[in-house]
């Protein structure tokens, strides 16, 4: 490590108060999540101003939206958030803004703690910062280009850093055997957001081999939510824009109202087929501004040109087909 990188790392850790000091602020049991890790947990998008600055107000709007419309959880920053484009300062400021906006709310707030260079000390610092500022849980991708033993050790270390429940996000070719081993060795692991292999084919074995004590969440845009609920997924991670409709579908299904859940999910799918819907809906719903940009969101690649006609079509479809079905 160069002397410059070493200085940057020491400065980053000092900014978080250092390991022992921050850990002392988190009393045993105080950080345990009182909100269940179950339901719909959208992955927050990262709004930026036209000048490219992180827009903390719009980021907080995502949290307020989730609380208002009874969305079970909210996670940031992960892959759909463009987490690897964020500076350390942006991540800390963004986490603090999210946790402040959601304080005393019903939505469980989950903060991502992976470091793009695989620096475990930085991940520990992010985890402790999340705990100190009131997160309900933390989530992490595995370190890049690591073998199985290194990945297990990573999650054990992150898990010991705080009392918060830890969500493992699988990536690449992480096997079921590896996920089960992480669960066995890292006591704070409560959930896996499974995006390795075919999650629909893995969920039954994951549940069986962990005695159904490991909650399994879906990602990948939650395109197969009905099948996911049928197979016993505990949660689902869509984008924010229609998270309240996904949450309604989840609640209906688990209340035994499967026909209504099916219809609600169908409404989501139909709306998403409208040209420009995903690119403009956050504005229509008052979460983002007309000139808001989205940092590093893969779903925006190749997005259609938002002409005035496209904007009007999205607005009209929202007013006619979706807005009447909002839940208060």
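Just so it is clear, none of the values below were taken in a lab; they were calculated from the coordinates. Because the structure is a prediction, the values reported are computed rather than measured. Every residue, glycine as well, gets a Cβ built from its backbone with ideal geometry; the counts of neighbours run over all protein chains shown.
Look at the alpha carbon pairs under 8 Å that are at least 6 residues apart: their mean separation over the length of region 12-325 gives a relative contact order of 20 percent.
If R0 is 25 Å, the Cβ-Cβ spacing of residue 262 and residue 315 corresponds to a FRET efficiency of close to 0.40.
For the peptides 91-98, 172-179, the ranking by packing is 91-98, 172-179, with the highest mean count of neighbouring Cβ atoms within 10 Å listed first. The angle between the Cα long axis of helix 258-272 and the main principal axis of the chain comes to about 90°, on a 0 to 90 degree scale.
The residues 43, 294, when put in order of fewest to most other Cβ atoms within 10 Å, stand as 294, 43. Using the alpha-carbon atoms, what tilt in degrees (0 to 90, nearest 10) does helix 148-161 show relative to the longest principal axis of the chain? Taking the Cα atoms of the chain, the angle to 148-161 is about 90 degrees. With an a/c value of 1.5 or above and a/b not larger than b/c for the gyration tensor axes a ≥ b ≥ c computed over the alpha-carbon atoms, region 12-325 is described as oblate. For the chain, the longest principal axis of the Cα atoms and the long axis of helix 56-68 meet at an angle of about 70 degrees.
With a/c under 1.5 counting as rounded, go ahead and sort region 136-195 into rounded, prolate or oblate using the C-alpha gyration tensor (a ≥ b ≥ c being the square roots of the eigenvalues; past the cut-off, prolate if a/b is larger than b/c, else oblate). Prolate is the answer for region 136-195, as a/c is 1.5 or above and a/b outweighs b/c.
Working note: 222 nm ellipticity from helices only, DSSP H runs with n ≥ 4, each -39,500 (n - 2.57), summed and divided by the residues of the chain, gives -13500 deg cm²/dmol to the nearest 500. Let me make sure I get this right: for region 41-81, a, b and c are the square roots of the gyration tensor eigenvalues over alpha carbons, sorted descending. Under 1.5 in a/c it's rounded, otherwise prolate if a/b > b/c, else oblate. Which is it? In terms of gyration-tensor shape, oblate.
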